[in-house]
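Data block below; observations after.
Rule-based calculations on the coordinates, nothing more; no lab input. Predicted, not measured: the structure shown is a model, and the values here were computed from it. Backbone-built Cβ (ideal geometry, glycine too); neighbour counts: all protein chains shown.
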Ligand code: GYE
């Protein structure tokens, strides 16, 4: 072979190798992914690290995401962290060592995930935050966040209360059941609520403690609130409906009428809250929509198709009151 021809063939081969190397590296930072050539079917292996099964909301959210992944023809690796951060860290490490294509992650708390998310990034595995966000400066460690605006939910709960009790003279004593300590919804729902009542000094949070988003702990903590100041509690603000429903039982056992003697405010708008509102035991619930599985899968597919995707996708939400409950209960999806 002539040396000129040899040189041309060599140059072409080098170019081809370089091009294919560029193609196979997945960009994790930036909202734009590279197309993934994993056979003609486009099937992905998706690892999903879920918080737990602590509430009605969580059950609906797990199902929505699992169904969407399977219905789109992808393979799901599921891990339930039972509300423990260390379980989530090991689940993510195991997804990395299995070499999944993408990780869906709903972090139980906001902090302490830098190292493991860096490991996922180093392995070229994109992470999609679902429902809860992280408090990490380096936002190249995840592709996008899909979920609710929890601060706005807290504001909506307080706006409803301020309006409802605008004619009430005297101080309003509010007890607060917080969600899981350090979790995004607990931090933000408290913040949003306090921001609004700060402009209305008669509203005072007199007791506040975590009920970890569960019915059992909501009931136990409400019992202790009632034991210490039962006759003076005007309002319960619970960071989710499950804790509100547990607390309703405590209020009844104490001999008071939930929904009348104590105004009950929840968040999520799950079926259990609608049932309690129909019975007149709960006054209002601020919606937090868990049914974003299909939208999440679309985002993952768009990423692998190399499309530009937003860094944050908000889910749309409403507020529902006792007098609307009977009409709406049958149309609720969760
Ligand atoms: O409100 C609560 C669940 O992170 C939005 O977690 C979610 C919250 C939801 O346990 O019921």
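Some observations on this one:
- Computed over the chain: relative contact order in percent, which uses C-alpha pairs under 8 Å that are six or more apart: 19 percent
- Cβ crowding within 10 Å averaged over residues, with 217-224, 138-145, 266-273 ranked highest first: 266-273, 217-224, 138-145
- Nitroxide proxy distance, nm - points 7 Å out along Cα→Cβ at residue 198 and residue 70: 4.6 nm
- Packing-based ranking of 275-281, 312-318 yields 275-281, 312-318, ordered from highest to lowest mean Cβ neighbour count within 10 Å.
- FRET efficiency, 1/(1 + (r/R0)^6) with R0 45 Å, evaluated for residue 78 and residue 260 via beta carbons: 0.60
- Seen from a random direction on average, the alpha-carbon convex hull of segment 166-307 projects onto 10.4 square nanometres.
- Per-residue ellipticity at 222 nm, computed for the chain from helices alone with -39500 (n - 2.57) per DSSP H run of at least four residues, works out to -14000 deg cm²/dmol.
- The chain: angle of helix 150-164 to the longest principal axis, Cα-based, in degrees nearest 10: 20 degrees
- In whole percents, the pair-distance distribution calculated for segment 43-178 from its alpha-carbon pairs, binned every 5 Å from zero, is 2, 9, 17, 20, 17, 11, 7, 6, 5, 3, 2, 1, 0.
- Quotient of C-alpha Rg and 2.2 N^0.38 Å, computed over segment 208-261: 0.97
- Using every pair of distinct Cα positions in segment 130-174, the Kirkwood expression returns a hydrodynamic radius of 13.6 angstrom.
- A simple spin-label model places the labels of residue 333 and residue 97 3.7 nm from each other, with each point 7 Å out along Cα-to-Cβ.
- All Cα pairs of the chain, percent lying beyond 28 Å: 47 percent
- Label-point gap, in nm, between residue 229 and residue 314 - each point 7 angstrom along Cα→Cβ: 3.3 nm
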